[in-house]
Amino acid sequence: MDEKHHDQIAKWERRWIAGSALMTLTFVFFIAYSLATEGAHIAQSAARGTPEQLLAQTIFTDPGVRATGPNQYDVSIVGQAFVWQPETVRVPVDAEITFYLTARDVIHGWQVENTNLNVEVIPGEVSRLQTTFSRPGRYRVSCNEYCGIGHQNMIGWIEVVPASQLVAEVPVETGPADGAAVYASNCASCHGANGAGVAGVFPPLAGHAADLAALDGGRTYLIDTLLYGLQGAIVIDGTSYSGVMPAWPQLSDDAIAAVLDHIVTLDGSDGPEFTVEEVEAERGKGLAASDVLTLRQQVVGP
Ligand code: HEC
Ligand SMILES: [Cu+2]
């Protein structure tokens, strides 16, 4: 091979090397750019174990949506050939959602169309992913990793609905709101499953709520506490509390009446039921949590 040919080939080699280096840099740049500006993030591995161990956890034996705090939800999903369990999950718009995903059999790809949610779902591993849906809608979930003959049928749905609709629709399916259920998913995380509270941090409700309801103006006070929250120092049976009780405007009138019935009967007390009309009359007063504290001082005393 003569000198001239050698130079020619070397020249083209250098061009190809430079070209492919440039391509690599461009791709790395776009990954970095989307991580920094588009809210993209890499799903974390929240747990590892054998698939049997992971699937034995309650979040996966009974997968679905769980409220974990005010406007916070955990959603657990299991992928298996060729379904997502549950097939449809319904979450409120603008809420903080944490997804926990795992697979029962083989690797699947969980992709929520028209969003940047896309994660590999692996047997023996739990992927965790946090997001907030800012637009209501029905989002289709597909499997984007070939998992077998029915792969293309592996479709799920995420319904993002206004918070009011989420609660309002519950009675449609189940009849009147179930106070115990409303309590379990919204209140028990602080006040305890049986309403015992945590001394000095979260007030007890068992027995105490019934005492409050029996006071002059006590029923109105309880309704306002739920609709508008409560903030500031209070004393119950000699124990001081100074925390924040979140407001629950997203609960329907029916749900508020039902949960109040639940808390005033926690200790076996009996009394007239709270009515939807009573709650309706208080909604729209636009009180602040500090107004509710003032009301408490009038009703309960300092
Ligand atoms: C994030 C924790 C938290 C959650 C969830 C919560 N509460 Fe509370 N709640 C508190 C705190 C803290 C107080 C006391 C506020 C203060 O110190 O001013 C309180 C106070 C109350 C009071 C007034 C007690 C009194 O003596 O005046 C009632 C009634 C009540 N909560 C009912 C409920 C119900 C019903 C739910 C569910 C719909 C609920 N709470 C959910 C933290 C919570
Ligand atoms: Cu699949």
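Throughout, read-outs are computed from the coordinates displayed, never taken from laboratory work. What you are looking at is a predicted structure, and each value in this text was computed from that prediction instead of being measured. All Cβ positions, even for glycine, are placed from backbone atoms using ideal geometry, and neighbour counts span all protein chains on display.
Normalised by the residues of the stretch 44-161, what does the relative contact order come to in percent, with Cα pairs under 8 Å and at least six apart?
The normalised contact order for the stretch 44-161 reaches 29 percent.
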Query - For the stretch 176-300: rounded, prolate or oblate by the Cα gyration tensor [a/c cutoff 1.5] - result: rounded
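Give me Thr102, Thr220, Thr68, Thr58 sorted ascending by neighbouring Cβ count inside 10 Å, so fewest comes first. Each step should come with its number before you reach the end.
Values: Thr102 27, Thr220 16, Thr68 13, Thr58 9.
Ranked by crowding around the Cβ, least crowded first: Thr58, Thr68, Thr220, Thr102.
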**Report entry** Rounded to the nearest 20 debye, dipole of the chain from Cβ charges on Lys, Arg, Asp, Glu
**Finding:** 1180 debye
Requested in this report: Compute the length gained on full extension between Glu159 and Lys4: take 0.36 nm times their separation in residues and subtract their Cα-Cα distance, giving the result in nm to one decimal.
Outcome: 49.1 nm
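Return the calculated 222 nm mean residue ellipticity for the chain, to the nearest 500 deg cm²/dmol, obtained by summing -39500 (n - 2.57) across DSSP H runs with n ≥ 4 and dividing by the residue count.
The helix-only estimate for the chain comes to -11500 deg cm²/dmol at 222 nm.
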**Report entry** Percentage relative contact order, the stretch 176-300, counting C-alpha pairs under 8 Å, at least six apart
**Finding:** 32 percent
Report summary line: Taking the dipole of the chain about the Cα centre (Lys, Arg +1; Asp, Glu -1; charges at Cβ), the one of Phe27, Thr61, Gln165 that reaches farthest to the positive side is Phe27
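Where both residues lie in the chain, what percent of DSSP beta bridges are antiparallel, nearest 5?
That works out to approximately 70 percent antiparallel.
Defining a contact as two alpha carbons under 8 Å apart and six or more residues distant in sequence, what relative contact order in percent does the chain show? Can you show the working numbers first?
Values: 517 pairs, mean separation 40.1, N = 302.
Relative contact order, the chain: 13 percent.
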Query - Simple label model, 7 Å out from Cα along Cβ direction - His151 to Thr37, nm - result: 3.4 nm
Report task. Return the distance in nm (one decimal) between the two label points of a simple spin-label model at Val300 and Asp211, each offset 7 Å from Cα along Cα→Cβ. Result -> 0.9 nm
Requested in this report: Kindly express, to the nearest 10 degrees and within the range 0 to 90, the angle between helix 289-300's C-alpha long axis and the longest C-alpha principal axis of the chain.
Outcome: 20 degrees
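Taking 0.36 nm per residue of sequence separation and subtracting the Cα-Cα distance, how much length would be gained by fully extending the chain between Glu273 and Trp16, in nm to one decimal?
Values: separation 257, 0.36 × 257 = 92.52 nm, distance 8.01 nm.
Taking Glu273 through Trp16 to full extension adds about 84.5 nm, to one decimal.
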